[in-house]
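The values are calculated or read from the model by the stated rules, or taken from the named source; none is laboratory data. Just so you know, these numbers come straight off a predicted model, no measurement behind them. Reconstructed Cβ throughout: ideal geometry from the backbone, glycine too, with neighbour counts over all protein chains shown. Protein only, heavy atoms only, side chains kept; ligands, DNA and RNA dropped before computing areas. Shrake-Rupley method; radii C 1.70, N 1.55, O 1.52, S 1.80 Å.
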Amino acid sequence: MASDPDAPEQTGLLARLARARLAAAGVMWTERVWPLLVPVLFVLALFVSLSWLGVFRLVPEWARMGLGLVFGLALIAALLPFRKLRPPEPAEIDRRIERANRLDHAPVLTQTDRLSGASDDAFAAALWGEHRRRMAQKLDRLAGDLPHPRVPERDPWAIRAIAPLLLVVAFAFSFGPLGGSLTDAFRAKAGAEPVPPRIDAWVTPPPYTGRAPVYLTSNANRGEDIFTVPAGSQLAVRVTGGSGAEAIDYLDAHTGEVNRVDPSAAQPSSSQFDMALSADGLLTLHEDETEIRSWRFLVTPDDAPVIRLAEEPRRARNGSLELTYEIEDDYGAVAAEASFEHADASDSARPLYDAPEMALSLPRRDADAARTVRDLTDHAWAGAVVDLTLVARDAAEQEGRSEPTRFVLPERPFTNPLAMALVEQRRLLALDANQQRHVLDLMDAITLRPEEAIDNLSHYLGVMSARSRLAQARTDDSLREVADYLWEIAVRIEDGSLSDAERRLQAAQEALRDALENGASDEELQELMAELREAMQEFLRELAQRGQQNPDQAMQMPQDGQMLTQRDLDRMLDQLEDLARSGARDQAQDLLSQLQDMMNNLQAGRQQNQQGGQQSEMNQQLNELGEMLRRQQELMNETHQMEQMRPGPRGDEMSPEEFADAMEQLQEQQGQLGQDLQSLMEALEGMGLEPGDQFGDAGDAMGRAGDALGEQQGQRAVGEQGQALEALRRGAQDMMQQMQQAMQGEEGGSEEGGQRQQGADRDPLGRPRANTGPDFGDSVRVPDEIDAQRARRILEAIRDRLGNTLSPDLERNYLERLLEMR
């Protein structure tokens, strides 16, 4: 082998080359070991993360052992590729250095090679030395490169990043109270005490009962042996943390049958059982053959509603049907109606119209009796003998029926003979279309000599037109058109155009009544009240015009009544609107029903002008007394409002000087009212009446109220004013009785006169008339201004509470029921 004459010079170069080879070898080891080490580190990181997260503490024992085995196998599988690991060869190292430094002609390998052949060839040795020197020049600045393990090529989705992220989170979690340790996977857990299952049971009664849910497992009911619940209640039993083998059996106390209740909702850790309770029985919750809990139930049956007539059906003054009835039900009926059947109908009859429909108003919550007035006079069955059956339904769809009552369905009274004949023909045709030929014969009879029977040419033409239509009618629809046309002719002959105004008034009353029953909004009630006012104004104008055109048939109050003024009607409508808006819907319905009675009496009345001078003078005094009552009521309201504005620490009330001036003005008004009372008492004595002690009590209370106002004691003044108001009402009632006795004496004390006078002091609403005195408080209870303001504040507070989304569901349900009770 040839010698190397340049060996001493190569010492420094070889040292640098040795360091470069060591660095290249490390890089190559890294590239070969790291891809094999990543799976091992991934498995170890997952194991450590799960240990720190406390997973091995939470899972059952078999799961802990299974996870340990899985990680052991995964670690072995990750270590198996290390068997193929081999160290890099020197030639591989040199080629890596040359490739990293981009060296051509293998300069690294040249430094360690030796010249082969004869060692005495000087030229070859010189040439080899020159070549090594030149190659050595390329190795002056050797540089290494970084490892390239090509892990991203093996893991393009970077799943390896999960391990360090999870490891960091688990490390932080391990310092918490629920954190685990690395030894959890190797430590067996002690057997845990079995946790008894949680049992929740409750009964929810049907919503229409208004009953609250019963929680069977609450502390308050743990000592109860028997629970009484309404029929149809929903039972729910929820078992949490049980074994899943729980079951429920219900033993029917009447039949002895045992019914298994299947779970309605089952989850790995809980199950729920639901059933409807319809009969007495024993409910047992058990697991396999072991009884866990049991409850005994007494189920109260929901009886069908009972409805019956409290009075015989009667006809109102304007012909409307008036029904007074009683409804009894466990939890209140939800609907009622009157069912009619034609009593005299033959088997071959072919009626053109169905029976009239009449929905019944439900009784108030504090009463069983109710009254419904419906105008059925325009129905084709009006005037026919019918069988009436009242039907009531409850929320459980149960139905109750009354005993049939036979009577004649009220019809509209007609005074014109021609109109009466047409209505009779219409009824015959409507009840049986087979009577078409007979009705034609009747129409021929009344038109046989029209100059004697019909004095109006337009009426004659209308009758002949109806006769032609009837003769040409071939279908039931065309016959119904003829029947409707006969009614229109009869109404036009009888009243002209007044019926339109009357119909509008009745429609407005019906719409307002339905809105009050259904709990309409304040905006809808305001619109309906406006419609009622307009309809009543139109009706009164038509009534006045008819009275001017035909004074002999002017429609006024009956002989046992007196006329109401426009002011009375306006005041009644204002009271009705205030009651509806303040939430007193039941009182508003009563007032509306009495207003309808007044309209009925007004429509059926006749002109009467039998008022003497003495009675007129008494009426004037009564009007003054009514005005005095109104002023005292307003003064009490103003005093109450002024007391609310008394100067105080809030700083937003009146100043002390302004408050004193206002109280002084109220004192002057109270003093003037006392003087007017004294003048009224003297006027009554001049008429031969003896004012009762009540007026004296009222005067004393007014004086005490004035003193309290002078001392700026508003609360005491309000109390005295209330006593004065009550004393005035009692005195007014006593004065009314004296006037009745005086007028009965003038009529000779006859029974007829007494009965006539008994109704003369009342308007159709059942209250003292405006021209015979004020309302003394013995009719419909109308809240005063203070009560109405308090009611509005309560309603606003309820609505505000409902608007709070943080309110408990139980409270929200209770508040919603309060609003429904309006």
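Tabulated data
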quantity: Residues satisfying the stated conditions in segment 65-86, i.e. within 20 Å of V38 (Cβ to Cβ) and open to solvent by less than 80 Å² (accessible area, probe 1.4 Å); calculated: F71, G72, A74, L75, A77, A78, P81, F82, L85
quantity: Options E451, E494: the member that is assigned to a helix (DSSP H, G or I) and either open to solvent by 80 Å² or more (accessible area, probe 1.4 Å) or among the β-branched types (V, I, T) (or both); calculated: E451
quantity: Leading residue by the ranking (surrounded by the most Cβ atoms within 10 Å (Cβ to Cβ)) among those in segment 279-303 that are outside any strand (DSSP E or B) and at pLDDT 85 or above; calculated: D302
quantity: Cβ-Cβ under 7 Å pairs, at least 6 apart or on other chains, segment 269-295 side of a type in the set (S, T, Y), far side surrounded by fewer than 16 Cβ atoms within 10 Å (Cβ to Cβ) and in a loop (DSSP other than H, G, I, E, B); calculated: S269/G241; S271/G244
quantity: Breaking point among (1) at pLDDT 80 or above; (2) over 44 Å from the mean Cα position of the chain (by Cα), for E452; calculated: (1)
quantity: In segment 435-448, the residues that are part of a helix (DSSP H, G or I) and not polar (S, T, N, Q); calculated: R437, H438, V439, L440, D441, L442, M443, D444, A445, I446
quantity: Selection from segment 222-253 of residues that are under 18 Å from G281 (Cβ atoms) and either at pLDDT below 85 or small (G, A, S) (or both); calculated: E224, D225, A231, G232, S233, A236, A247, A253
quantity: Every residue from segment 670-695 that is assigned to a loop (DSSP other than H, G, I, E, B), open to solvent by 20 Å² or more (accessible area, probe 1.4 Å) and closer than 23 Å to Q633 by Cβ; calculated: P691
quantity: Conditions (1) open to solvent by 30 Å² or more (accessible area, probe 1.4 Å); (2) touching an Asp or Glu at 6+ places or on another chain (Cβ under 6 Å); (3) under 30 Å from Q737 (Cα atoms): number failed by N637; calculated: (1)
quantity: Enumeration of residues in segment 513-528 that are within 21 Å of R374 (Cβ to Cβ) and either assigned to a helix (DSSP H, G or I) or open to solvent by less than 20 Å² (accessible area, probe 1.4 Å) (or both); calculated: R513, D514, A515, L516, E517, A520, L528
quantity: Segment 332-349: number of residues that are assigned to a loop (DSSP other than H, G, I, E, B), open to solvent by 50 Å² or more (accessible area, probe 1.4 Å) and within 15 Å of V306 (Cα to Cα); calculated: 1
quantity: Which listed residue, of V385, V373, is modelled with pLDDT under 90 and touching an Asp or Glu at 6+ places or on another chain (Cβ under 6 Å); calculated: V373
quantity: Counted residues, segment 304-325 - those being within 14 Å of R401 (Cβ to Cβ), open to solvent by 30 Å² or more (accessible area, probe 1.4 Å) and either of a type in the set (D, E, K, R) or assigned to a strand (DSSP E or B) (or both); calculated: 3
quantity: Filter pass, E424 being on the phi < 0 side of the Ramachandran plot and not in a helix (DSSP H, G or I); calculated: no
quantity: Filter result (at pLDDT 90 or above and either within 18 Å of A333 (Cβ to Cβ) or surrounded by fewer than 17 Cβ atoms within 10 Å (Cβ to Cβ) (or both)) within segment 399-427; calculated: E399, G400, R401, S402, E403, P404, T405, R406, F407, V408
quantity: Segment 47-64, residues that are open to solvent by less than 50 Å² (accessible area, probe 1.4 Å) and either without any contact (Cβ under 8 Å) to a residue 24 or more places away in the chain or polar (S, T, N, Q) (or both); calculated: S49, S51, V59, A63
quantity: Condition met for A161 (at pLDDT 80 or above and open to solvent by less than 60 Å² (accessible area, probe 1.4 Å)); calculated: no
quantity: Among the residues listed as Q575, Q526, Q537, the single one being closer than 22 Å to R364 by Cα and at pLDDT 80 or above; calculated: Q575
quantity: Residues satisfying the stated conditions in segment 647-669, i.e. open to solvent by 80 Å² or more (accessible area, probe 1.4 Å), modelled with pLDDT under 85 and either in contact with a Ser or Thr (Cβ under 7 Å, 6 or more places away or on another chain) or charged (D, E, K, R) (or both); calculated: R650, D652, E657, E658
quantity: Subset of segment 208-221 (residues that are touching a residue at least 40 places away in the same chain (Cβ under 8 Å) and over 16 Å from L283 (Cβ atoms)); calculated: Y208, T209, G210
quantity: Members of segment 59-87 that are under 23 Å from F171 (Cβ atoms) and out of contact with any helix residue (DSSP H, G or I) (no Cβ under 9 Å at 6 or more places or on another chain); calculated: V70, G72
quantity: Some residue of segment 504-521 being more than 25 Å from S361 (Cβ to Cβ) and either modelled with pLDDT of 75 or more or not aliphatic (A, V, I, L, M) (or both); calculated: no
quantity: Of all residues making up segment 227-254, the number that are open to solvent by 60 Å² or more (accessible area, probe 1.4 Å) and either outside any loop (DSSP other than H, G, I, E, B) or without any contact (Cβ under 8 Å) to a residue 12 or more places away in the chain (or both); calculated: 4
